[in-house]
Amino acid sequence: VPAYFDEKARSGIMRAAFMSGFRVRRLINEPTAAAFAYGLEKNKEGVFFVYDLGGGTFDVSLLRLTEGVFKVIATGGDPKLGGDDFDYLFAKFIIKKEFNENLDNFSLQEKLKLSKKFKLFKEKFSELDVFFEDLEVNNNFKKIEININDFNQSIIPLIDKTIEISSQLLDEVEFDLEKISGFILVGGSSRIKLITQKLKDSFKTKIFD
């Protein structure tokens, strides 16, 4: 369950599970589940920062591990920031560059259609840095070059925003960065290579990816 769930929300989950015929032995916070996925409970102690960038939301959490038990120290994030926003900025950048059109002026249906297409382009960067694709914008057909440099340039503002949110959480709890054992990257969009590099440059700590 989300780390920000209070006891009322957690109780609601338990009741719903019981009514559905499930026997729930324990509810685990999302950041704690991420830490388990990395096997970090095998350590005796440590403090870990969870950077969770999904399709539609961005969540950050600070976990303290003591004798194999995780405790959420603090949470933060932006419920309106996610991978979909990265896709939109990427599409907007390329459409302006190649077609001299402003995606903000398009219909909602066309925005969604193009964003989904650029999501597929983005996923190709796991294997390729440059490739060519056919694209139609306002009945204008082109074969265009899609490259990692344009993608990185288009999304830097959002990456910087996630780093700012991460820094704010650490400032709010007045936690010394040098005491953090590492960053845990969660969510499909956290696999973007530039994010890992930016986090390393900004926080000078180990990245679990």
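The values are calculated or read from the model by the stated rules, or taken from the named source; none is laboratory data. If you're wondering where the values come from, they're calculated on a predicted model, not measured in any experiment. Reconstructed Cβ throughout: ideal geometry from the backbone, glycine too, with neighbour counts over all protein chains shown. Accessible surface areas use protein heavy atoms only, side chains included; no ligands, DNA or RNA. Shrake-Rupley method; radii C 1.70, N 1.55, O 1.52, S 1.80 Å.
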Expressed in angstrom and ordered largest first, the alpha-carbon extents of the stretch 84-144 along the principal axes are 32, 24, 16
With label points set 7 Å from each Cα along the Cα-to-Cβ direction at Asn138 and Ile156, the distance between them in nm comes to 2.7
Simple spin-label estimate for Leu128/Val69, 7 Å along Cα→Cβ, in nm, reads 5.2
In Å, the Kirkwood estimate of hydrodynamic radius for the chain over Cα pairs equals 19.1
One can check that the equivalent ellipsoid of the stretch 104-209, built from the alpha-carbon gyration tensor with semi-axes equal to the square roots of five times its eigenvalues, has lengths in Å, largest first, of 34, 16, 10
Given a 1.4 Å probe, the accessible area of the stretch 1-123 per residue, as a whole number of Å², is 59
With a ≥ b ≥ c from the Cα gyration tensor eigenvalues, square-rooted, and the rule rounded for a/c under 1.5, otherwise prolate when a/b > b/c and oblate otherwise, the stretch 1-85 is oblate
With all protein chains present, the stretch 162-208 has a carbon and sulfur share of its accessible area (1.4 Å probe) in percent of 45
The relative contact order of the chain, taking Cα pairs under 8 Å that sit 6 or more residues apart, comes to a percentage of 21
Those trypsin sites (Lys or Arg not before Pro) from the stretch 74-163 that are DSSP loop and have at most 10 other Cβ neighbours within 10 Å turn out to be Lys80
Too long for a 31 Å Cα-Cα cut-off, among Lys117/Lys161; Lys116/Lys161; Lys71/Lys119, are Lys71/Lys119
GNM of the chain, Cα pairs under 10 angstrom: of Val50, Val60, Val69, the biggest fluctuation goes to Val69
Here the relative contact order (percent) of the stretch 155-209, from C-alpha pairs under 8 Å and at least 6 apart, is 39
Taking r as the C-beta separation of Thr205 and Lys44 and R0 as 25 Å, the FRET efficiency to the nearest 0.05 is 0.85
Listed residues Gly188, Gly77, Gly21; largest mean-square fluctuation, Gaussian network over the chain with Cα springs below 10 Å, found at Gly21
Expressed in nanometres to one decimal, the distance between label points 7 Å along Cα→Cβ at Gln168 and Lys8 is 2.5
Among the stretch 173-209, those whose backbone N falls under 15 Å of a label point 7 Å along Cα→Cβ from Ala37 are 183-192, 208-209
Those GluC sites (Glu not before Pro) from the stretch 98-156 that are DSSP loop and have at most 13 other Cβ neighbours within 10 Å turn out to be Glu127
Between the alpha carbon centres of the stretch 174-195 and the stretch 79-103 the gap in Å comes to 25
For the stretch 1-58 the chymotrypsin sites (Phe, Trp or Tyr not before Pro) that pass both the DSSP coil test and the at-most-12 other-Cβ-within-10 Å test are Phe22
